[in-house]
1. What figure, in Å² to the nearest 10, do you get for the accessible area of B:Arg52 with a 1.4 Å probe and non-protein molecules left out?
2. In percent, how large is the relative contact order of chain A, given Cα pairs closer than 8 Å and 6 or more residues apart?
3. Relative to the Cα centre, what is the charge dipole magnitude of segment B:223-425, using +1 at the beta carbon of each Lys and Arg, -1 at the beta carbon of each Asp and Glu, and rounding to the nearest 20 debye?
4. I need two numbers for segment B:333-388: Rg to one decimal and Dmax as a whole number, Cα atoms only, in Å.
5. Hey, can you grab everything whose amide H is under 5 Å from the amide H of A:Ile205? Only 5+ residues off in sequence or another chain; H modelled, so Pro and N-termini drop out.
6. Can you work out ³J(HN,Hα) from phi for every residue in segment A:260-274, in order, using Karplus 6.51 cos²θ - 1.76 cosθ + 1.60 and θ = phi - 60°, giving whole Hz and x for Gly and Pro?
7. Got a sec? Charge dipole of chain A, +1 on Cβ for Lys and Arg, -1 for Asp and Glu; which of A:Gly31, A:Gly191, A:Ala278 is way out at the positive end?
8. Could you order B:Ile228, B:Ile26, A:Ile226 by accessible surface area, starting with the largest, using a probe radius of 1.4 Å?
Amino acid sequence: MEITYLEAIRQALWEEMDRDDQVFMLGQDIGVYGGAFKVTKGFLEKFGPERVIDTPLSESAIVGAAIGAALMGMRPVVEMQFADFISCAFDQVVNMAAKQHYRLGEPVPLVIRAPYGGGIHAGPYHSQSPEAWFFHVAGLKLVAPSTPRDAKGLLKAAIRDPNPVIYFEHKYLYRHIKGEVADGDDLVPIGKAEVKRPGSSVSVITYGAMVQQSLGAAEKLMPEGIDLEVVDLRTLQPLDMTTILASVEKTGRAMVVHEAPKTGGIGGDIAARLAEEAFHYLDAPILRVAAPHTPFPFSPVLEASYLPNADKIALKARELANF
Amino acid sequence: MRVGSRQDATAHYSAVERFPRYTMNIEIIMPQMGESVAEGTVVTWLKKVGQRVAKDEPLVAITTDKVDVEIPSPGAGVVSKILVHEGRAAPVGAVLAYISELAVAEEASAGGPIAAMASNITQAMPAVGSPGPRPEAWYSPSVLHLAEEHGVDLSQVRGTGPERRVTRKDILDFIGKEPSVTAASPRGDPQTSGPAVEDQIFPISHLRRTIAENMVRSKQTAPHVTQIHEVDVTRIAGYRETNKKAFSERTGINLTFLPFVVKATVDALQAHPLLNASYAHEGIVVRKAVNIGLAVALEDGLIVPVLRDADKKNFLTLAKESAHLAARAREKRLNPEEVQKGTFTVNNLGAFGALIGTPIIVQPQVGILGFGKVVKRPVVIDDTIAIRSMAYLCLSYDHRLIDGAYAGAFLNRVQANLEGFDVSIVE
């Protein structure tokens, strides 16, 4: 059945709560109010206040409590109302959740849902893409689905994973895309990228909302005989270098596209790894298409200018194809 | 390398010089000319690819249904690529061409600020040589790697990239292989054509690579058509059965079907000389000599030794020479000239049990005749069923030169020669 990205997330949560009573949720306004985006509407009525917990406005306390529960064998799913506010819980995430297994030998099966990304006219505090802050930290897994199927399959895989997983769900995609999703368990393995569109001219390595934009760029370039291969990372940490390298070895030309700022972004790391591991296959410089090194703008005009889109991707991909 | 040595300075110089050659291109865009105009047509490129253009110099003439204009160049450089050619239309905003910013060497001769830099270096290192040497051709890591892997002389490869750079595609085209084959990754991944972890990888022998390249080249060069005739070889089979012992005792070689087929083919080629020819740049080359290639299977491949002047040889000589050539081929003792100058090829498909095959032409020939296995079959003759020794004649030909009717006439002749076998040709 075709469902929205948001509905896919809701189904994954519902089915996992139903399957395993160790799974429970914490977050701001997730119970009575049903969540800022209504992802958890109806959960309180079904699963009760012990498993759907409305918390105070303290991200550090929420994640800290969830880590404690996870160490005791529970499977907490934390909702950050907006990924932007995860910085309030930064120490709990990077120093506690990420390192307890290494320090104590006790796994921390924790999922943090982080609604991220722009394109919704929400300004600098409700639009950011903060995945690079966590990409640097050993001990965390990061996933960022681009389709309803991946959204459902990756959330289920994240909840069943024994490690702390930050689940980046893109707010723009919530109600903007629909797709086929299988009933029940159709897990998407963490650590596996997927070629969303095979092509021969240029490898476009991307994730999240930029997958759709890259596919759009591919359509625009088709008439020019430029055939983009779109690699959807799906998991950012650990990176699926096997799939990335296979694609670049095929095309000889690579660009990385993400919505987060270019400076210090994940694209830089992927470009460096391609230079290290696929040097002999490269026929052109590795390009990046990403947001500029500025705060996320509030003005809709500036927002449109700030975000990468199909046109901007097509422009750079054409340069690369013609190199 | 020590800092300050001559080589070091040279390396530094070429790096300085090379970098700007590959800065990104300036785009030439179809301009908006009037509010309702959605597209324009390129009338004339006033500068061609490779030509220099100054900033604001007229570059391209455009016509729309409202205006005709000459568009000035937005920057100085060399026209590196034209995307929309003369007579073609393009929407407003489309990229029409690229201009590469001027290379440093050219700036240097024009006496720009970088020329001053270059001359400073030259003065500091007087032994380096004349100022402003042309940088060598630039190759990407991928191109260098492929060239080394396949033993390609890069100066022989035609570049189609900006400033005629040899791109990865150019070298893959040159080698005549698909990217997926050459870029096969040693990393296991079921999604790609590369080998999986448990697969074994063997080096490709010189012979195997030569065969592969020849086959691909032939298929890419000639549109192949294979036409198949059935032939009744009962008379030859009967003769062979009766005489093979005596023949072998007399000549020391086995009496096979092959020399009969070669003899029949040579006659048919003389009657249909366009199949003893080449489709070449200078025209249709009809060969005077009739040199028959004979495909011989080897343990690790195949080779095609050539029976020279087959039209001037009698049956016994053809039989002896083809047997000797095949034996020498299997022992890998052929001389280079023994595999050259073939004008048509015969392939004994039946040797390994095939009834029918679609052989690939040996370039630059235009035909190859496969001869299938001889088997006894019930055949209708004059409304009665007879047991006959039958085989298939499979002719692949180059459709650029040969058409179906001509090929059919040739096959009819071969067929008639074999079916009307007369013992006089043998003696």
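The values are calculated or read from the model by the stated rules, or taken from the named source; none is laboratory data. These numbers were taken from a predicted model, which means no experiment stands behind them. Cβ: placed from backbone, ideal geometry, glycine included. Neighbour counts: every protein chain shown. Keep in mind that these areas ignore ligands, DNA and RNA; they rest on the heavy atoms of the full protein, side chains included. Shrake-Rupley method; radii C 1.70, N 1.55, O 1.52, S 1.80 Å.
1. 120 Å²
2. About 16 percent, as a whole number.
3. Computed charge dipole of segment B:223-425: roughly 540 debye.
4. 16.6, 53
5. For A:Ile205, whose amide H was placed from the backbone, the distant partners under 5 Å are A:Val231, A:Met255, A:Val256, A:Val257.
6. Couplings: 5, x, 5, 5, x, x, 4, x, x, 5, 5, 4, 5, 5, 5 Hz.
7. Projecting each Cα onto the dipole axis, the largest value belongs to A:Ala278.
8. These residues rank, largest area first, as B:Ile228, B:Ile26, A:Ile226.
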